[in-house]
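A.B. asks: Pasting in a structure now, in structure tokens, and then I'll have a few things to ask.
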């Protein structure tokens, strides 16, 4: 068995749990639940909601999801464009159910996310973390990494750098 097999298994598990987490958040938000980050924290604490994840994995997943939703909400508020522009690639490449869930949660929380705009602007992405859908750019050489579904962030394929940021919003709208 290769050294990457456990990492690939964890990435698949976290990717699957990302969709489950979106379902739960959307359901709680539709019931008039607490603000987004409190809902995400509630779900993290509910071991039955993410039963196949360890406590550490659930904490990582919820942190990654908060980062993605903050960034998406910031995009919506900053640009007044449709959320699909945030991805940086064709919407047809994403499973429609996952996109529906993500966009519904992002739309419901756009106003809420304005309050934590500062966090979104300083949010960075590093090799070894999980990123949701969209495009990241290498901080060193600006090479793009496209995520059509949640996945493990590898080192930059061009320069092997390990730190990334979301593609700037103005580049999404070419």
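A.B. asks: Of all residues being in a loop (DSSP other than H, G, I, E, B) and surrounded by 18 or more Cβ atoms within 10 Å (Cβ to Cβ) in the range 129-174, which is modelled with the lowest pLDDT? Just the residue, please.
C.D. replies: 167
A.B. asks: Further question on the same structure: Can we say residue 73 is modelled with pLDDT under 80, under 21 Å from residue 166 (Cβ atoms), in a helix (DSSP H, G or I) and out of contact with any strand residue (DSSP E or B) (no Cβ under 6 Å at 6 or more places or on another chain)?
C.D. replies: It is true that residue 73 is modelled with pLDDT under 80, under 21 Å from residue 166 (Cβ atoms), in a helix (DSSP H, G or I) and out of contact with any strand residue (DSSP E or B) (no Cβ under 6 Å at 6 or more places or on another chain).
A.B. asks: Let me ask something else about it. Would you point out which residue out of 54, 126, 59 is modelled with pLDDT of 75 or more, touching a strand residue (DSSP E or B) at 6+ places or on another chain (Cβ under 9 Å) and surrounded by fewer than 19 Cβ atoms within 10 Å (Cβ to Cβ)?
C.D. replies: Going through 54, 126, 59 in turn, just one is modelled with pLDDT of 75 or more, touching a strand residue (DSSP E or B) at 6+ places or on another chain (Cβ under 9 Å) and surrounded by fewer than 19 Cβ atoms within 10 Å (Cβ to Cβ): 126.
A.B. asks: Regarding residue 2, is this residue modelled with pLDDT under 75 and more than 21 Å from residue 149 (Cα to Cα)?
C.D. replies: yes
A.B. asks: Counting just the residues of the range 88-99 that are surrounded by fewer than 22 Cβ atoms within 10 Å (Cβ to Cβ) and touching a residue at least 24 places away in the same chain (Cβ under 8 Å), which one comes out farthest from residue 19 (Cα to Cα)?
C.D. replies: Only one residue fits best here, namely 89.
The values are calculated or read from the model by the stated rules, or taken from the named source; none is laboratory data. Please read these numbers as outputs of a predicted model, since none were measured by experiment. Quick reminder, even Gly has a Cβ in these numbers, built from the backbone with ideal geometry, and neighbours come from all protein chains shown.
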